[in-house]
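Read through the structure below, which is laid out as C-alpha cells, and then see the notes.
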Protein chains: 2
Amino acid sequence: MTVQRSLKRATISDVARLAGVSIATVSRVLNGTAPVAEETMSQVNQAIAALDYAPHAAARTLAGRRTDTIGLLLPEISGAFYSPLIHGIESSAREAGFDLLIHTTADRFRERGRIQLPLDEHNTDGLLVFTDRLSDAELARFSGRGFPLVLLYRTAPPTLDIPVVTLENKAGARSVVEHLIVEHGCRRIAFLAGPSGNEDSCWREAGYLEALRVHGIDDDPALHGPGEFDSEQARAVVAQWLGQGVSFDAIFAGDDDAAMGSIQALTQAGLRVPEDVAVVGFDDVLLAGLMVPRLTTVRAPIETAGRQAARLLISLIQGEEVERLVLLPTELVIRQSCGCDR
Amino acid sequence: MTVQRSLKRATISDVARLAGVSIATVSRVLNGTAPVAEETMSQVNQAIAALDYAPHAAARTLAGRRTDTIGLLLPEISGAFYSPLIHGIESSAREAGFDLLIHTTADRFRERGRIQLPLDEHNTDGLLVFTDRLSDAELARFSGRGFPLVLLYRTAPPTLDIPVVTLENKAGARSVVEHLIVEHGCRRIAFLAGPSGNEDSCWREAGYLEALRVHGIDDDPALHGPGEFDSEQARAVVAQWLGQGVSFDAIFAGDDDAAMGSIQALTQAGLRVPEDVAVVGFDDVLLAGLMVPRLTTVRAPIETAGRQAARLLISLIQGEEVERLVLLPTELVIRQSCGCDR
DNA sequence: GCGGTTTCTGAAAGCGGTTTCTGAAAGCCT
DNA sequence: AGGCTTTCAGAAACCGCTTTCAGAAACCGC
C-alpha cells in the first residue's frame with residue numbers, strides 16, 4: 001500500500017545545498033533584501049528552478065510576521081450582490097500581492113467550549129468586515145489591539161475610529177423615489193425594508209421618507225414591509241398585500257433582489273409592471289438590465305466599493321494614513337419598470 | 001509618536017508560564033492529543049481565558065503540516081453563477097473546519113522573473129479547480145505530487161485520476177427536449193451550442209441528439225448553431241436563421257443566456273413565444289423565472305455542486321477514498337416558454 | 001602598503017507551535 | 001512490599017523561513 005500523502009517538497013536548505021551557499025543567501029535572492037553577487041544569484045536561481053522550489057508560506061509568515069492575506073467577513077453569500085463585491089476585493093488584493101480569505105458568519109459554531117473567532121488575526125494581516133453579526137465589542141477587541149480593520153456598508157461605533165466604506169444610500173433612495181413622484185405621479189409608494197438594523201436599509205428608508213415629505217405625501221405605515229433584501233421574502237410580502245387589498249401604485253424595493261420578488265408577485269397576480277404598479281430597486285445588479293421589464297434602480301458601485309475597501313485595508317496594513325470615511329456616489333438608472341421606456 | 005503595529009499577542013509560552021506547566025501540556029489541552037489531568041487542564045484553560053490566547057495559525061501549520069484551508073481557483077468572479085457556487089463551497093468547508101482561500105486566474109502575473117503559481121500548495125491542503133486556464137500539464141504537476149485536487153465542471157485527462165464534480169447535462173438536456181417533443185409535438189427543434197470544446201455543451205448536445213433519436217426524429221445539421229452561452233450571439237444566430245427562412249418549431253438553447261437571446265430575436269421578428277416557436281434553456285438562473293414568458297429550463301444545482309466538491313476535496317485531504325466522478329442530477333423546470341402555462 | 005569603508009556571505013537565533021522521548025508518580029498484582 | 005504497567009508532564013528536537021550579527025574579501029584614497 002502506497003502512502004497517499006503529499007510528497008515532500010524542496011526546502012530552502014535543499015536549494016542552498018545544491019547551489020553551494022547558505023540558506024541566508026537563498027533567502028536574500030528570494031526577497032531581494034540584501035545585495036547578492038551576480039554569479040551567486042544565478043546559481044541560486046538555477047537551483048530553485050531545478051528543484052521546482054517554492055517557499056513555504058507558513059514558515060515565511062512565522063518568521064516574517066506577515067501573512068500577505070486579508071480576510072473578508074460576510075454574513076452569507078447569496079443573491080446577485082456578493083459576486084461583484086468579492087470580485088472587486090479579490091482583484092484589488094491580488095494587485096497588491098495579497099491573498100483573500102473568506103469567512104461567513106452564517107452559523108458560527110462553538111468548538112471545545114470556546115467561541116471560535118470568525119477570523120483570527122493570526123491568519124490575516126487585516127480584516128474587511130461586512131457583516132453586522134460582529135458585535136461592537138468584538139470590533140473593539142480587534143481594533144484595540146491595533147489590528148487593521150475596515151468596515152464595509154456599515155459604520156463604526158464613534159469611539160472606535162475604524163475606516164468605513166459605504167454608499168450614498170440616502171441620496172440615491174431619495175432620487176429614485178422622487179423620480180416616481182415627479183415623473184410618474186405616484187402617490188402611494190410602498191417600501192420594502194432590508195433586514196432590521198441594516199444600515200443601508202435605514203438610510204434608504206430615510207431617503208424614501210424625505211422624498212415623500214418634500215413632495216407633501218404622507219407616509220402610510222401600511223406600505224412598509226420587510227423585504228429582507230431577498231426576492232422570496234419580498235414576493236411573499238407583496239403577495240400578502242395584494243391578498244389583503246392594500247392599494248399602491250409603486251414599490252420602492254430595498255434592493256434589486258426584493259424588486260425582482262415584487263415583480264414576480266405582481267405578475268402572478270395578473271398585474272402589469274409598470275402599467276399597473278411601478279417597481280424600482282436599488283443596487284443595479286447585472287440582472288437588473290436584462291429582466292423584463294428592465295429595472296429602474298439606483299446604481300451602487302458595488303465592485304468599486306470592494307476595490308476601495310481592500311485598498312484601504314492594505315494601506316492600513318502597510319502603516320499608511322487613510323481616510324476615515326469613503327462615501328461612494330450612487331446614480332439613478334432609469335429603465336422601464338418605473339414607467340419610462342429607455 | 002506611538003507605534004501603530006499590532007500589539008503582541010499571547011503565545012503558548014505565556015499560557016504555560018501563567019498556568020505553571022510546560023508548553024507541551026498546553027498544546028495537549030488545546031488539541032486533546034494526550035490525556036491531561038482534570039486539574040491541570042482547568043488551570044491551563046483559565047490561563048488561556050485570562051490571556052485571551054489563540055494559537056498562531058502559521059506556527060501550527062509549520063509544526064503540524066496542515067493548513068486547514070482549501071483553495072478555490074476560478075477564472076474570474078462575475079455573473080450570477082459564482083455566487084451560489086462560492087456559497088456552497090464555503091459553507092461546506094466551514095462545516096468541516098476549513099478556511100477558504102480564493103484565487104482568480106484572470107491575469108496571472110509574473111513576479112521577479114518566475115511565474116507565480118496561482119495557488120501554492122503550501123498555503124492550502126488541497127485545491128478546487130474550476131477554471132480551464134490551468135493546463136493539463138499544471139494539473140499533472142500538482143497531481144503527480146499527491147496534492148489533493150478536485151475538478152469542478154470539467155473532467156480530468158484520463159491519465160490523471162482526479163475526482164470530478166459535474167452535472168447530468170445529458171439527462172437534463174434529454175428531458176427538456178423530450179418535453180418539447182412529447183408534450184408539445186415539436187419536430188423541428190434547433191440547438192444552440194456553447195463555446196466549442198465546452199464539456200457542458202457537448203453533453204447537452206448528446207442529450208438533445210438522444211432525445212431526437214429515441215423519438216424517431218432525424219437530426220438536421222441546419223438546426224445547429226453556435227450560441228456560445230451568450231445572449232447576443234444567440235440572438236444573431238436565430239435572426240440569421242429567420243432571415244434565411246430556416247424553419248423550426250422550437251429552440252433548445254445551450255443555456256439560459258442563449259435562450260434569452262433567442263427570444264429577443266424571435267420577438268423582434270414578430271414571432272410569438274411559445275405560440276409560434278417554443279424556447280427552452282438550461283441552468284435556471286434567477287432571471288429565468290422572472291422574464292416574460294417565464295422560461296422553461298433545466299435546473300442546474302450550482303450550490304450543491306460547490307458543496308459536494310468541497311466535501312470531496314476535504315475527504316481526499318483526510319485520506320479517505322472518494323468517488324472519481326460525482327454527477328449531480330438536473331431537474332426539468334417547466335414554466336411558460338415551452339407552451340405550458342405554469 | 002595601510003587603515004577604513006563597502007560588499008558579500010554564513011552562522012545562528014528566533015518565530016510559535018507539535019510531537020517524540022523520557023521519566024516521575026500513581027495504581028495494580030502477587 | 002516489590003516489580004509491573006499506566007497516567008501524566010516536561011525537555012528538547014524539529015517545522016522552514018527571516019534577520020541580526022559578525023567576519024572575510026574586495027575596494028578605496030593617499
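Below are the figures for this structure:
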quantity: Average partner coverage of B:137-147, which counts Cβ from other chains inside 10 Å; calculated: 2
quantity: Within 10 Å of each Cβ in B:67-74, the average number of Cβ atoms from other chains; calculated: 2
quantity: DSSP beta bridges in the protein assembly as shown [antiparallel fraction, %, rounded to 5]; calculated: 15
quantity: Listed residues B:LEU286, B:LEU151, B:LEU51, most fluctuating in chain B (Gaussian network, C-alpha, under 10 Å); calculated: B:LEU51
quantity: Long-range amide H partners of B:ALA190 with built H, under 5 Å; calculated: B:ASP249, B:ALA250, B:ILE251, B:PHE252
quantity: Selected from A:PRO329, A:PRO274, A:PRO55 as most flexible by GNM, with chain A as the system and alpha-carbon contacts under 10 Å; calculated: A:PRO55
quantity: Charge dipole (debye, nearest 20) of the stretch B:194-241; +1 at Cβ of Lys and Arg, -1 at Cβ of Asp and Glu; calculated: 100
quantity: Share, in percent, of DSSP beta bridges within chain A that are antiparallel, nearest 5; calculated: 15
quantity: Debye equation applied to the C-alpha atoms of the protein assembly as shown, log10 I(q)/I(0) at 0.07 Å⁻¹; calculated: -0.56
quantity: Interchain or long-range residues, amide H under 5 Å from A:THR69's placed H; calculated: A:ASP99, A:ASP125
quantity: Packing-based order for A:314-325, A:213-224, B:330-341, using average beta carbon neighbours within 10 Å, highest first; calculated: B:330-341, A:314-325, A:213-224
quantity: Binned Cα-Cα distance frequencies in the stretch A:213-274 - 5 Å width, integer %; calculated: 4, 19, 29, 25, 14, 7, 1
quantity: Copy-to-copy label separations for A:SER13, where each label sits 7 Å from Cα toward Cβ, in nm and ascending; calculated: 2.2
quantity: Globularity ratio of the stretch A:186-342, using Cα Rg and 2.2 N^0.38 Å; calculated: 1.14
quantity: Efficiency of FRET between B:ASP341 and A:GLN244 - r from beta-carbon atoms, R0 30 angstrom, step 0.05; calculated: 0.70
quantity: Residue-averaged beta-carbon neighbours from other chains (10 angstrom radius) around B:279-287; calculated: 2
quantity: B versus A: buried accessible surface, summed, Å² (probe 1.4 Å, to nearest 100); calculated: 5400
quantity: Size of electric dipole in chain A: Cβ of Lys, Arg +1 and of Asp, Glu -1, about Cα centre, debye, nearest 20; calculated: 1140
quantity: Alpha-carbon centroid distance for the pair the stretch A:169-227 / the stretch A:312-342, whole angstrom; calculated: 20
quantity: Where only C-alpha atoms are counted, convex hull volume of the stretch B:12-55 per residue in Å³; calculated: 56
quantity: Accessible-area composition of the stretch B:12-55, carbon plus sulfur, in percent [1.4 Å probe]; calculated: 53
quantity: Rg/Rg_globular for chain B, with Rg_globular taken as 2.2 N^0.38 Å and Rg from C-alpha atoms; calculated: 1.32
quantity: Where labels lie 7 Å past Cα in the beta-carbon direction, separation of B:ALA37 and A:LEU286 in nm; calculated: 6.2
quantity: R0 of 56 Å, Cβ-Cβ distance B:ALA137-A:ASP161: FRET efficiency to nearest 0.05; calculated: 0.65
quantity: Potential extension, A:ARG66-A:GLU183 segment - 0.36 nm per residue separation minus Cα distance; calculated: 36.6 nm
quantity: Set of the stretch B:159-181 residues, backbone N closer than 12 Å to the point 7 Å along the Cα-Cβ line of B:VAL214; calculated: B:170-181
quantity: Residue-normalised accessible area of the protein assembly as shown, given per residue in Å² at a 1.4 Å probe; calculated: 44
quantity: Residue among B:GLY225, B:GLY20, B:GLY289 with the largest mean-square fluctuation in a Gaussian network model of chain B, springs linking Cα atoms under 10 Å; calculated: B:GLY20
quantity: Listed peptides A:239-245, A:304-310 by packing density, highest first (mean Cβ within 10 Å); calculated: A:304-310, A:239-245
quantity: Modelled FRET efficiency - R0 35 Å, B:PHE81 with B:ILE23, Cβ distances, 0.05 increments; calculated: 0.15
quantity: Rough spin-label spacing in nm, given labels placed 7 Å along Cα→Cβ, for A:GLU331 and B:GLU95; calculated: 4.2
quantity: Cut-off under 5 Å, modelled amide H: who pairs with B:LEU290 long-range; calculated: B:LEU295
quantity: Fraction of accessible area attributable to carbon and sulfur, the stretch A:211-251 (%, probe 1.4 Å); calculated: 47
quantity: Size of charge dipole - the protein assembly as shown - debye, nearest 20, with Cβ of Lys, Arg +1 and Asp, Glu -1, no other charges; calculated: 2060
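The values are calculated or read from the model by the stated rules, or taken from the named source; none is laboratory data. Bear in mind the structure is a predicted one, so any value in this text is a computation, not a measurement. Every residue, glycine as well, gets a Cβ built from its backbone with ideal geometry; the counts of neighbours run over all protein chains shown. Just the protein is used for accessible areas: all its heavy atoms, side chains included, with ligands, DNA and RNA removed. Shrake-Rupley method; radii C 1.70, N 1.55, O 1.52, S 1.80 Å.
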